[in-house]
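Read the structure below first, then the notes.
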Protein chains: 2
Amino acid sequence: MTEQSRPPAGSRAAASPLSRSRVVRAAIALADAEGLEAVSMRRLAAELCVVPMALYKHVASKGDLVTAMIDAIVSDYPTPAEGSEWTAAIRARVLGARAALLEHPWLRTAIEGATERTPAVLGHMNALVGDLVAGGCSYDLAHHAMHALGHRIWGFSPEAFASSGAAATSPAPDPQLLAQIARAFPHIAGVAAEQQRRHPAGCDERFEFEFTLDLLLESFARLRDSGWQSS
Amino acid sequence: MTEQSRPPAGSRAAASPLSRSRVVRAAIALADAEGLEAVSMRRLAAELCVVPMALYKHVASKGDLVTAMIDAIVSDYPTPAEGSEWTAAIRARVLGARAALLEHPWLRTAIEGATERTPAVLGHMNALVGDLVAGGCSYDLAHHAMHALGHRIWGFSPEAFASSGAAATSPAPDPQLLAQIARAFPHIAGVAAEQQRRHPAGCDERFEFEFTLDLLLESFARLRDSGWQSS
DNA sequence: CTTGACGGGTGTACAGCGTACACCTAGAGT
DNA sequence: ACTCTAGGTGTACGCTGTACACCCGTCAAG
């Protein structure tokens, strides 16, 4: 939709001369619009008015492309204000990552499947460890803390319980079947009922995210104060 | 390898008459042996000495197949001993899941990509919530606790930091490049050095897993004791 | 005993994927 | 003027999931 025929006028093909960053930006736009599975080399090429193989002059492979997509977004994660309290700094970074993830829903899948650690990715991790040690955590504790945070540092909690409370989105709920499920899984039903009572609007993912994040940050602080070490 | 030519003798084709469970078991075996990406309908069919489309008489689609694969394994997660302490019960379930995951490395990817919640899956979640409320947690707290545990209830922590400390597996470490990385990311280098000093054998994933698990379980106990609620 | 339904394996076909390889062409450097 | 090369093109291969028509053996009802 955007970015078309900038040069002279007519010729239906390649507007600007194509470049790695243009390819990556187009891929991100396409993924934003239609999901990561819509990003095929052929489709992306079409979007750029170019033949599929042309892309390979700018990215080494599809894997390289998605790595570059991740990198592009991670590169401008926000940086917390200078002199923030360490837990506040971590919160800011993690919630910044989360904000990016909400903008680019495909990012989660991409990160889960990624294998390469680009400089931007390493930089993010480095900064988080930096926050931890600035807060008085040992490198030892910081290491385990990073593991504990897990994918949360990329802004998402693994949604083990996803759409279990809110499973009844579009398809017909069918009260009879629902009752049967409730009988078979009474505790899940209990959770759903209590959730329904307290938060009829449904499960607030942001709340869940911060709940666990803060649980972990408090635990880290406690371990730090008690001089915990792993050996 | 197993299960061949049970009827009369010779004919090189379909030994037993094929069935959903035989298909699923073969798929699991194939995934165990060569990874989930090796499980294509064509390949699996070949493994069963059958034409690809024959499988569709027993599974609705590839997605249905992998769901069934997950279900088959989750179905025989171990059950903790009757009367266990609640945190011990949860630990047992979660570590049982983890054991299954180590046996079937593809399971992680499969679960991450799964969308259907089968009865076995719901049963596992139901049992965990049951443990929490048996331990005196409210349904409210249990709900958030399940979110906090996240994929850990399936036996894996999201490995955000994976192979960062142990990145130097097969490829040449190249000390010059390594030094440059260390300069660019001093905190990561710090973690790596400290880890190297304390645990030269490398990062013990099981330790990391239990570290976070116990952190969370302690936090839940504390919240329970303080009468925490979410409203 | 015949007949008709039907469960389950077969064969062909299609659209889509990533990408290897050979080719061509426009512009820059000597 | 001549070559070199970066970058876009075209064709082709092997792979994927699966729709659709077919066909055959078993078994129940007439």
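Before moving on, here are some points about what is shown:
- The residues of the range A:13-64 that are more than 12 Å from DNA strand C (Cβ to nearest atom), at pLDDT below 95 and loosely packed, with under 13 Cβ neighbours inside 10 Å, listed by number, are A:13, A:16.
- Residues satisfying the stated conditions in the range B:133-142, i.e. touching a residue at least 12 places away in the same chain (Cβ under 8 Å) and within 7 Å of chain A (Cβ to nearest Cβ): B:140, B:142
- From the options A:208, A:218, residue that is within 10 Å of chain B (Cβ to nearest Cβ), of a type in the set (Asp, Glu) and without any contact (Cβ under 8 Å) to a residue 24 or more places away in the chain: A:218
- Residue that is nearest to the chain's Cα centre (by Cα), among those in the range B:85-118 that are outside any helix (DSSP H, G or I) and at pLDDT below 95: B:114
Residue-wise test of (1) at pLDDT below 95; (2) surrounded by fewer than 18 Cβ atoms within 10 Å (Cβ to Cβ); (3) in contact with a helix residue (DSSP H, G or I) (Cβ under 7 Å, 6 or more places away or on another chain); (4) within 11 Å of chain B (Cβ to nearest Cβ).
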position: A:147; (1), (2), (3), (4): yes, no, yes, yes
position: A:151; (1), (2), (3), (4): yes, no, no, yes
position: A:157; (1), (2), (3), (4): yes, no, yes, yes
position: A:171; (1), (2), (3), (4): yes, yes, no, no
position: A:174; (1), (2), (3), (4): yes, yes, no, no
position: A:187; (1), (2), (3), (4): no, no, yes, yes
position: A:190; (1), (2), (3), (4): no, no, yes, yes
position: A:195; (1), (2), (3), (4): yes, no, yes, yes
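The values are calculated or read from the model by the stated rules, or taken from the named source; none is laboratory data. Because the structure is a prediction, the values reported are computed rather than measured. Glycine gets a Cβ as well: all are built from the backbone with ideal geometry, and neighbour counts include every protein chain shown.
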